[in-house]
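K.L.:
Have a look at this one before I ask anything.
The values are calculated or read from the model by the stated rules, or taken from the named source; none is laboratory data. Computed from a prediction, not measured in an experiment: that's the story for all the values here. When we count neighbours, we look across all protein chains shown, and the Cβ atoms used for this are built from the backbone with ideal geometry, even at glycine. Areas reflect the complete protein model, heavy atoms only, side chains present, ligands, DNA and RNA absent. Shrake-Rupley method; radii C 1.70, N 1.55, O 1.52, S 1.80 Å.
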Amino acid sequence: MSTYYITTPIYYINDVPHLGSAYTTVACDVLKRYHALRGDDAFFLTGTDEHGLKIQRAAAERGMSPKELADEVSRVFEETWPKLGCEPNDFIRTSSARHQHGVQELWRRIAAKGDIYLGHYEGLYCVGCEAYYTEKELEQPGNRCPLHKTAAETVKEESYFFRLANYGERLLRFYEENPAFVEPEGRMNEVKSFVAGGLQDLSVSRTTFDWGVPVPGDPRHVMYVWFDALSNYWTALQEPPSRGRYWPASVHVVGKDILRFHAIYWPAFLMAAGFSDAELPRKVLAHGFLTYGGHKMSKSLRNTVSPVALAEAVSPTVGVDVVRYCLMRSISFGQDGDFSIDDVLGRYGTDLGNTFGNLLHRIHPFAGETLAPANDGPLETGLREAARTAARAAAEAFDASSPTRALEAIWVGLMLANAYIDKTAPWAARKQGDEARVSHIVTAMAEVLEAYTVMVAPVMPKVAALMREQLGATVLVPQVGHDSWPFELPTRAAGSRLVKGEPVFPRHDKDVAAALKEQFSPPPETKTPREDAVAAKTAPLAPEPNGAAVETKPAISYDDFAKLDLRVGVIVSAERILRKDRLLDLLVEVGEAQPRRIIAGIALAYTPEELRGKRIAVLCNLAPREFGKGLVSHGMLMAASHGELLKLVAVPEELPAGSPIK
Ligand code: ME8
């Protein structure tokens, strides 16, 4: 028996749970349930991130105190997860006393080592608002405050700094010794390149607002919200019965947007607080984004879907499990994936109804009859071998934190089980009066189906329970120290029976399916890329603005082409450049010791946020070019344009940085 400690990010309370945040929470719940079934002492933590200026302002706008807003929204999170079949063992709130004590304790330990010092933070400040702004939040050109329309001033604020720069070497050594610390692998490389590029000390306190954890010994300051938030993974474990039992975390599951905080800042804070390498979190698992109509699902884009409403609409009994299944099956863990109601309806009818539910349905006519095990023939041997193979492959995939691959393996087994029923046709055996054969087929099928209910239980606990009831099997209760995974298949005692029940995945009638499509299709302004492509195919391409035909250029020799050093690159960081509205300052990993600095004229087409982590094509041997004092670009990104439209040339995710483009 071992312990398994898994966490979600703690969610900001300026939003309510949506299908995107549900994706992370469900993934954690699935992995926790799997480990519990394997006999591990599994612990799953989630919670809410409640401090900071954002929340203080949101509360003021609603005429509430920050604490009142936090109490209200945090409760929504806490109540939503169980509605999605998630069973966290603890729910931590950063405004709670236990968290504040813990985070102050971490701060004290770091300060005692001399790794926190007082300095000044430089930023843009609007006097009218008495608040700092980033350039992004201000109206350009001129850094004008969106509220007061006056130019923000550059001012300095007293701030405590964490000596992050001192931890670069130890972090790089830690990554070398723990190559699986960040997964997927490509993301580990991004993190390493970022650290290798040099770290700067980090501002870790603010004085211009007070909704935060007071800095020990200097209550004029509140802690920087990320220092406060990351510490939750440790502060939640400081009281019995979890104290001393689960630390360090087995896996922090995070969206790729917050990988840097978890893979760089968090271990550095812990190192500074005196944790040894063996006491650091074991893994940060970064997943991709759930998109809707081709855009990241988020409150700011107003394209969120309520997971609870979706589940209820799909099926009042097992809708939650259907949503969990679709999230885990359709979006390959680590990649972005688009949510579509067509996909949900398709999988409900095909994977769940036809392939899984139907297996039970096909032996239902024999419910209530006495089961009689017999000696297996070759067809039964094949049926059982397929189930054992599925159990092994699914366990391997869950162990590698890949629910998608686990489900794929299980469904291979289920399809073979359908083929078994087709071939053995118990209804035909009954017509021929061969009752012994009927019993044998139904028994073998009931036994493997019981094994499959265990395999799907981490993802679909309710479906597993309903099916087990109809199979006349015991209730599945994970026990610490007992491995319940069906590497060995269950056997039915002679004389046991199946119990008749309602189909678990009844077909949607046409009207219901149409209503679901209507209700859950993306808002019109966020068409799916496929719809855009279809529209582009059917509508004639708009002529070039000047009506000219495509420009042709004189032919070049292959030798000339071969002079181009074109490579796959991954954008490690992207920043705006002061007073250069069209340019972005990028660090791009192209397979060399250090990432390259590239200045690109794409600021009107892309935000820095959407570029970070993007895989692109880079011309590496273009002579360095200066865009202003100190702004030297060492390469060029490949992009295509059509009229006003400018798009970077996309590169498949599988290709590592540095791969030559020929
Ligand atoms: O970042 N697709 O909180 P947050 C996939 N408080 N996952 C998504 C998603 C989407 N469209 N939208 C959100 C914060 N998520 C900080 C975290 S941790 C110490 C502090 C998930 O409310 C994803 O896991 O913005 C992402 O990392 C998380 O929600 C961000 O939640």
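K.L.:
Kindly provide the pair-distance distribution of region 349-425 built from C-alpha pairs, with 5 Å bins from 0 and whole-percent values in order of increasing distance.
P.N.:
Binned Cα distances yield the sequence 3, 15, 20, 22, 20, 12, 6, 2, 0.
K.L.:
Based on DSSP H runs of at least 4 residues, each adding -39500 (n - 2.57), what is the mean residue ellipticity at 222 nm of the chain after dividing by all its residues, to the nearest 500 deg cm²/dmol?
P.N.:
Theoretical 222 nm ellipticity from helices: -11500 deg cm²/dmol.
K.L.:
Then there's this: Return the Rg/Rh ratio of region 1-130 with Cα-based radii and a Kirkwood Rh.
P.N.:
With Rh from the inverse mean 1/r over Cα pairs, Rg/Rh is 1.06.
K.L.:
Sticking with this one: Using the alpha-carbon centroid of each, what span in Å lies between region 43-68 and region 155-208?
P.N.:
The two parts, judged by their Cα centres, are 27 Å apart.
K.L.:
Please report the relative contact order for the chain, taking Cα pairs under 8 Å with a sequence separation of at least 6, and give it as a percent rounded to a whole number.
P.N.:
Computed over the chain, the figure is 13 percent.
K.L.:
Divide, for region 227-355, the radius of gyration over alpha carbons by 2.2 N^0.38 Å, where N is the residue count.
P.N.:
Region 227-355 yields a ratio of 1.34.
K.L.:
Going by average Cβ density within 10 Å per residue, which order do the peptides 580-592, 402-414, 479-491 take, highest to lowest?
P.N.:
Descending packing order for the listed peptides: 402-414, 580-592, 479-491.
K.L.:
I've got another one for you. Taking the Cα centre of region 3-287 as origin, sum charge times position over the Cβ atoms of Lys and Arg (+1) and Asp and Glu (-1), and report the length of that vector in debye to the nearest 20.
P.N.:
300
K.L.:
Let me ask another. Give me, ordered by chain and number, the residues 5 or more places off Asp49 or on other chains with an amide H under 5 Å from its own placed amide H.
P.N.:
For Asp49, whose amide H was placed from the backbone, the distant partners under 5 Å are Tyr11, Tyr12, Ile13.
K.L.:
Over the Cα atoms of region 405-452, what is the Rg over Rh ratio if Rh follows Kirkwood?
P.N.:
Rg/Rh: 1.08.
K.L.:
On average over all directions, what projected area in square nanometres does region 137-180 have, based on the convex hull of its Cα atoms?
P.N.:
6.2
K.L.:
Next question. Between their Cα atoms, which of Lys256/Lys299; Lys462/Lys510; Lys136/Lys580; Lys32/Lys283; Lys149/Lys647 are more than 22 Å away from each other?
P.N.:
Lys462/Lys510; Lys149/Lys647, as the Cα separations exceed 22 Å there.
K.L.:
Considering only C-alpha atoms, what is the centroid distance from region 389-432 to region 585-637, in Å?
P.N.:
Region 389-432 and region 585-637 have Cα centres spaced 48 Å from each other.
K.L.:
About the Cα centre, and with charges only on the beta carbon of Lys, Arg (+1) and Asp, Glu (-1), how big is the dipole of the chain? Nearest 20 debye, please.
P.N.:
Using Cβ point charges on Lys, Arg, Asp and Glu, the chain gives about 280 debye.
K.L.:
Moving to a separate point now. Considering only protein heavy atoms and a probe of 1.4 Å, how much of the accessible area of the chain is carbon and sulfur, as a whole percent?
P.N.:
So the carbon and sulfur contribution to the accessible surface is 53 percent.
K.L.:
Right, another one. Work through the residues other than Ala272 whose Cβ is under 14 Å from its Cβ and net out their charges, Lys, Arg +1 and Asp, Glu -1.
P.N.:
-1
K.L.:
Tally Lys and Arg at +1 and Asp and Glu at -1 over the other residues with C-beta under 11 Å from the C-beta of Arg260: what net charge comes out?
P.N.:
That sum, taken over residues with Cβ under 11 Å, equals +1.
K.L.:
Please compute the Kirkwood hydrodynamic radius of region 372-504 from all pairs of different C-alpha atoms, in Å with one decimal.
P.N.:
15.5
K.L.:
Between Glu137 and Leu645, what length comes free when the chain is fully extended (0.36 nm per residue of separation minus the Cα-Cα distance, one decimal in nm)?
P.N.:
180.5 nm
K.L.:
Residues with beta-carbon under 12 Å from that of His99, excluding His99: net charge, scoring Lys, Arg +1 and Asp, Glu -1?
P.N.:
-4
K.L.:
Sorted by average packing, counted as other Cβ atoms within 10 angstrom per residue and highest first, what order do 500-509, 345-354 take?
P.N.:
345-354, 500-509
K.L.:
If you fit an axis through the alpha-carbon atoms of helix 319-330 and take the longest principal axis of the Cα set of the chain, what angle between them do you get, 0 to 90°, nearest 10?
P.N.:
Relative to the chain, helix 319-330 is tipped by roughly 60 degrees.
K.L.:
How compact and how long is the chain, expressed as Rg and Dmax of its alpha-carbon atoms in Å?
P.N.:
28.3, 92
K.L.:
Run the simple label-point estimate for Asn166 and Asp560 please: 7 Å along Cα→C-beta, distance reported in nm.
P.N.:
Once both label points are built, they end up 5.8 nm from each other.
K.L.:
Can you compute the FRET efficiency between Glu79 and Val412 using 1/(1 + (r/R0)^6), with r the Cβ-Cβ distance and R0 = 35 Å? Round to the nearest 0.05.
P.N.:
The computed FRET efficiency comes out at 0.40.
K.L.:
Two-decimal Rg/Rh of region 3-287 from alpha-carbon positions, Kirkwood Rh?
P.N.:
Radius of gyration relative to Kirkwood radius: 0.96.
K.L.:
Follow-up question, since we're still on this one. Based on the mean of other beta carbon atoms within 10 Å per residue, what is the order of 55-62, 448-455, most packed first?
P.N.:
In descending order of packing, they fall as 448-455, 55-62.
K.L.:
I want the antiparallel fraction of DSSP beta bridges within the chain, as a percent rounded to 5.
P.N.:
Roughly 70 percent of the DSSP beta bridges within the chain come out antiparallel.
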